[in-house]
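The values are calculated or read from the model by the stated rules, or taken from the named source; none is laboratory data. None of the values given here were measured: they were computed from a predicted structure. No Cβ is skipped: glycine too gets one built from the backbone with ideal geometry, and neighbour counts run over all protein chains shown.
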Amino acid sequence: MNATAIIRRGRPQQRVRVPSRARSQAVPMVLQGTVVFFAVFILGNFVLSLSGNILAEGQRAQVKTMSKPLLALREENRSLKTAESSDKSQESVEEWATQRGFIRKYALIVRQEVYVAEK
């Protein structure tokens, strides 16, 4: 036997107080982090949605004010395209060039020859 065991038997037993184990802070920290995350998320979502709606309404108002000039420009563009497509023929281009004094230095010589079938 051990001598310390005998000595201890003779002494009155003292209650040894073991310090209580510190409680784990993981659960409250996770809960606190979750609450903070959702608070920031909801606040950010609200702010971003509000700013997006404000910007969209501004653009809508700007488009509404610009619709009449845009309509006039579209009509003018349509008339210019119609005029352009009608002036693409070779005769109209040559007529335009002769009216403005353009001279063709190098031009293809196109001769119209009529072939008649003989019997």
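Could you check, for segment 10-26, whether at least one of its residues is surrounded by 10 or more Cβ atoms within 10 Å (Cβ to Cβ), at pLDDT below 95 and either in contact with a helix residue (DSSP H, G or I) (Cβ under 9 Å, 6 or more places away or on another chain) or not β-branched (Val, Ile, Thr) (or both)? No - not one qualifying residue is present in segment 10-26.
Thr82 meets all of the listed conditions (1) at pLDDT 85 or above; (2) under 50 Å from the mean Cα position of the chain (by Cα) but one, namely (1).
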